[in-house]
Amino acid sequence: MRPSLIIGTVSSFISFAAIAEPSNAWHYQQSTEQQLSYAELVSQSGEVSLIFRCIQGELDSLIRLADGPLQPAYHYMNWQFLQPQNQLASFNVLYHHFDEDYYQLGSGYNSWFELYLTIMQHSQMRWSSDDFADIEFSYHASDVIGQVIQDCPEAFQASYDLLAEQLSQALVEARNAAKHQQIIDTQQAIEQLVQSATQLAQLAQVPLRISD
């Protein structure tokens with residue numbers, strides 16, 4: 001998900017979307033006129049939501065937080081996934097102020113492929129941060145995330161290619177510097193990216209070319 005995503009589109013997004021109702025299901029909406037589709041999950045309070053978008057051929061993620069931090073710097077939150085079988089998966093997720101109550105989401109220490117694959121494989125998550133109290137989601141119907149990816153297949157491939165190239169370059173640099181632990185860490189990151197991206201592509205039923 002490239003960070004260069006179209007700025008200034010939140011106003012059109014808000015005008016297209018009705019005020020979200022609390023739900024434990026992911027919901028899919030599409031507007032051909034605005035070249036926009038998105039999957040949204042709304043908290044039970046109705047004040048917080050996670051939005052995964054395909055907009056004008058690009059992919060991005062937004063979160064809506066009332067009373068969130070307004071500084072332009074990146075902030076961290078921790079996402080914990082508790083179901084199925086209470087198998088805990090945890091991610092550090094970056095977010096920064098975007099427009100009004102909306103924040104753009106980054107992947108933190110994990111690729112966004114891994115993050116959204118984990119969302120689709122689980123049914124409960126908890127957000128925690130120094131900026132707000134814990135927020136919990138129990139959800140289903142996360143397969144609509146795949147519909148959004150189907151709407152942006154070129155962006156999905158381009159996002160993989162970009163991350164793969166970055167990791168490949170990092171591996172070359174680590175080998176040139178003979179940094180053994182960094183070599184191991186980067187190789188593991190490459191393996192995780194390939195695994196997560198492949199599984200997410202299979203769930204979304206979109207093609208993905210894996211680089212050597």
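Could you give the longest part of the chain that holds none of the GluC sites (Glu not before Pro) found in DSSP loops with at most 12 neighbouring Cβ atoms within 10 Å? Let's see the in-between values first.
On the way: sites that count: Glu33, Glu100.
No qualifying site falls inside 101-212, the longest such stretch.
Determine the gain in length on full extension of the stretch Ile210-Gln56; use 0.36 nm per residue of separation and subtract their C-alpha separation, reporting nm with one decimal.
Working: separation 154, 0.36 × 154 = 55.44 nm, distance 2.44 nm.
Residue separation times 0.36 nm, minus the Cα-Cα distance, leaves 53.0 nm.
Stick to the Cα atoms of the chain, pair each with every other, and give me the Kirkwood hydrodynamic radius in Å at one decimal.
For the chain, the Kirkwood estimate is 17.9 Å.
If ligands, DNA and RNA are left out, what is the accessible area of Thr198 with a 1.4 Å probe, given in Å² to the nearest 10?
It works out to around 40 Å².
Which residues does the label zone of Ala141 cover in the range 27-46, counting backbone N under 11 Å from a point 7 Å along Cα→Cβ?
Output list for this probe position: 27-29, 40-42.
Quote the charge dipole size of the range 131-206 about the Cα centre in Debye, to the nearest 20; the model charges only the Cβ of Lys and Arg (+1) and of Asp and Glu (-1).
Values: 2 positive and 11 negative charges, 79 e Å.
Charge dipole, the range 131-206, about its Cα centre: 380 debye, nearest 20.
With each label point set 7 Å from Cα along the Cα-Cβ vector, what nm distance links Ala178 and Gln44?
It is 5.9 nm.
At 7 Å along the Cα-to-beta-carbon direction for both His96 and Gln30, put a label point, then send me their distance in nm to one decimal.
3.3 nm
Exactly which chymotrypsin sites (Phe, Trp or Tyr not before Pro) in the range 82-190 are in a DSSP loop and have at most 15 other Cβ atoms within 10 Å? Intermediate results must be reported in sequence, preceding the final value.
Numbers: sites: Phe91, Tyr95, Phe98, Tyr102, Tyr103, Tyr109, Trp112, Phe113, Tyr116, Trp127, Phe132, Phe137, Tyr139, Phe156, Tyr160; in loops: Tyr109, Tyr139.
Of the chymotrypsin sites (Phe, Trp or Tyr not before Pro), the ones in loops of the range 82-190 whose Cβ has at most 15 other Cβ atoms within 10 Å are Tyr109.
The values are calculated or read from the model by the stated rules, or taken from the named source; none is laboratory data. Keep in mind it's a predicted model, so treat the numbers as computed, not measured. Reconstructed Cβ throughout: ideal geometry from the backbone, glycine too, with neighbour counts over all protein chains shown. When the accessible area is computed, the model is the full protein with side chains, heavy atoms only, and any ligands, DNA or RNA have been set aside. Shrake-Rupley method; radii C 1.70, N 1.55, O 1.52, S 1.80 Å.
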